[in-house]
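The next block holds one structure in the form of structure tokens; read it before the comments.
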Amino acid sequence: MRQPLGRRSRRDGTRLDGTGTPVSRDRARRRRGPALSALSASRPAALAERIERAPVLDRPVRVLSDTVVRALPPGPRTDALHGVPFGQPAHPALIRMPLGCWTSAVLLDLFRGTDRAAGTLVAVGLAAAVPSAATGLADWSALHRHQQRVGLVHAISQAGATMLFGASLLARVTGRRGDGKLLSASGLAVATVGAYLGGHLALRLGAGASHAEPIDHLAALGWHDLCPLDDLPDGHLARRQLGYLSLLALRQGETVHVLSDHCAHLGGPLHQGRVVTVHGALCVTCPWHGSTFRLDDGAVMHGPATARQPAFESRITDSAWVQVRPQARRHRARPEEAKPG
Ligand code: FES
């Protein structure tokens, strides 16, 4: 018996066409017509995904990215902006200050708080927006292109919100209270759009999260055979597989340094990087954005990565096999953190 279009199977709720055949999602969407398709495409996540795929943003992305990279050469200042000394990106923590102040100011406006308190919050939020923007730009300059597209629109939204709150402060101090409140409310609306895109960037696209493989879940405790020692070229980076894990190995005579191969920043292949010495410690530099990790224990010597690279202990058996086991987490001061003497 023919079933009417759109009818659902009694068993599992699958949409059926007129012949009783299950209709694929795309087909069902096409049949619903342009109005409903537009509605689903206007969901915030769909819009953010469109921004990811918008090559029209590439030119401004390139210009701004080149400017930021020139202004922030590798070094302690750039590392601090990334959040290397704190072990996590600084931007998400700093952005709470302007957003919190501005939200509170708008609430005070709504619930008849004092003008002075609301104006003070707007001003403090403006001051706090400066370090938030600096840390955000530093992180943004070392992202993949589709992340940078979303990040650019996020930055434009937050810059627009900052300008609206700046205009609000000006209106408040010149006695135009009504304008000041209106501008603040508009600024908060724009900042909320920017915050949504920031969330998309961090939580959907993984900017800021550690991309190193979770060795605690993938590597069982105890020693594991990795490969014969003779299979490792002396003095050269090599990649070896341990079950699901890709490991970076550097042999130096009878010593083998082993780290997880996927860079904690965005998963770059560390075995294609360079061996360098930083403060006397042997390190590997990621080929993608230059994060530098100490080979001994995976400590971050230079960003943009902020999370430690998972490290392994190694030993050589009597039969000349390299064995590895996950290194117990320990904090060893980076050389520049150690007290003199
Ligand atoms: S992936 Fe960006 S520094 Fe390694």
Inset, instruction - Kindly indicate whether Leu266 is crowded, with 16+ Cβ neighbours inside 10 Å, in the same structural domain as His302 (by TED's automatic domain parsing) and assigned to a loop (DSSP other than H, G, I, E, B). - result: yes
Legend entry - Subset of region 218-234 [more than 13 Å from Arg325 (Cα to Cα) and part of a helix (DSSP H, G or I)]: Leu229, Asp230, Asp231
Legend entry - Breaking point among (1) crowded, with 21+ Cβ neighbours inside 10 Å; (2) within 16 Å of the ligand (Cβ to nearest atom); (3) in a helix (DSSP H, G or I), for Ser168: (2)
Inset, instruction - Please identify the pairs in which a residue from region 273-299 that is outside the structural domain of Trp140 (by TED's automatic domain parsing) and part of a loop (DSSP other than H, G, I, E, B) has its Cβ atom under 7 Å from the Cβ atom of a residue that is within 13 Å of the ligand (Cβ to nearest atom) and of a type in the set (Val, Ile, Thr), counting only partners at least 6 apart or on another chain. - result: Gly273/Val284; Gly273/Thr285; Ser291/Val300; Leu295/Val284
Inset, instruction - Out of the residues in region 86-112 that are exposed (fewer than 15 other Cβ atoms within 10 Å of the Cβ) and farther than 23 Å from Gly151 by Cβ, state the one that is nearest to the chain's Cα centre (by Cα). - result: Leu107
Legend entry - helices (runs of 4 or more DSSP H) within region 87-145 that include 2 or more residues in contact (Cβ under 8 Å) with a residue 12 or more places away in the chain and more than 28 Å from Gly208 (Cα to Cα): 96-110, 115-140
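Within region 179-201, count every residue that is touching a residue at least 60 places away in the same chain (Cβ under 8 Å), surrounded by fewer than 19 Cβ atoms within 10 Å (Cβ to Cβ) and hydrophobic (A, V, I, L, M, F, W, C). Full working, then the answer.
Keep residues of region 179-201 that are touching a residue at least 60 places away in the same chain (Cβ under 8 Å), which gives 180-181, 184-185, 187-188, 191, 195-198, 200.
With surrounded by fewer than 19 Cβ atoms within 10 Å (Cβ to Cβ) added as a condition, the list becomes 185, 195-196.
Imposing the further condition that a residue be hydrophobic (A, V, I, L, M, F, W, C) reduces the set to 185, 195.
The total comes to 2.
The values are calculated or read from the model by the stated rules, or taken from the named source; none is laboratory data. Everything numeric in this text was worked out from a predicted model, so none of it was measured. Cβ: placed from backbone, ideal geometry, glycine included. Neighbour counts: every protein chain shown.
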